[in-house]
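Notes follow the structure.
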């Protein structure tokens with residue numbers, strides 16, 4: 001098991017308040033159906049996360065909720081107002097949210113083997129900025145595993161602004 005997933009599960013076991021209600025892992029068939037539906041390949045760390053636990057029913061102590069694979073949707077399915085273009089909205093997926101959609105986390109998924117699955121936040125602050133959180137899904141997991149409840153909105157946030165075109169996003 002990826003060390004960040006182990007640390008996340010360990011951290012949840014130590015939470016003082018309500019422990020997040022995590023779901024049993026998604027089946028390999030459910031993950032394959034998701035990939036086939038969107039024509040993508042999940043990064044290995046994302047596949048392992050969902051095989052270990054299939055999201056959460058409620059937020060954790062840091063007010064983050066990872067959605068079950070059945071609720072993960074492409075941006076074009078979630079919000080048709082996002083920019084459209086070749087491979088733009090269909091390859092960015094809403095997979096988690098902070099404080100009941102105060103802002104959401106998006107991961108880029110593609111059919112390219114080895115795509116690291118960069119993660120951005122959407123709706124961060126009043127200006128609806130899209131900011132780079134991690135250059136890979138594994139990086140997101142590492143940041144989330146190290147997060148403390150009192151620093152809940154500071155996973156790996158940087159001043160790097162979300163590029164207009166996904167081709168401009170260089171991991």
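Taken together, 55, 39 contain a single residue that is buried (at least 18 other Cβ atoms within 10 Å of the Cβ) and in contact (Cβ under 8 Å) with a residue 12 or more places away in the chain, which is 55. Take residue 121 and decide whether it is modelled with pLDDT under 85 and part of a loop (DSSP other than H, G, I, E, B). The answer is no for residue 121.
Output the residues belonging to region 41-82 that are in a helix (DSSP H, G or I) and at pLDDT 90 or above. Can you show your working first?
If we filter region 41-82 for residues that are in a helix (DSSP H, G or I), which is where we start, we get 44-52, 69-71, 75-78.
Answer for region 41-82, where residues must be in a helix (DSSP H, G or I) and at pLDDT 90 or above: 44, 45, 46, 47, 48, 49, 50, 51, 52, 69, 70, 71.
Identify, from the list 109, 141, 155, the residue that is modelled with pLDDT under 50, crowded, with 20+ Cβ neighbours inside 10 Å and closer than 24 Å to residue 71 by Cα.
On inspection, the qualifying residue turns out to be 155.
The values are calculated or read from the model by the stated rules, or taken from the named source; none is laboratory data. No experiment lies behind these values; they were computed from the predicted model shown. Here Cβ is always computed from backbone atoms with ideal geometry, including for glycine, and neighbour counts include all displayed protein chains.
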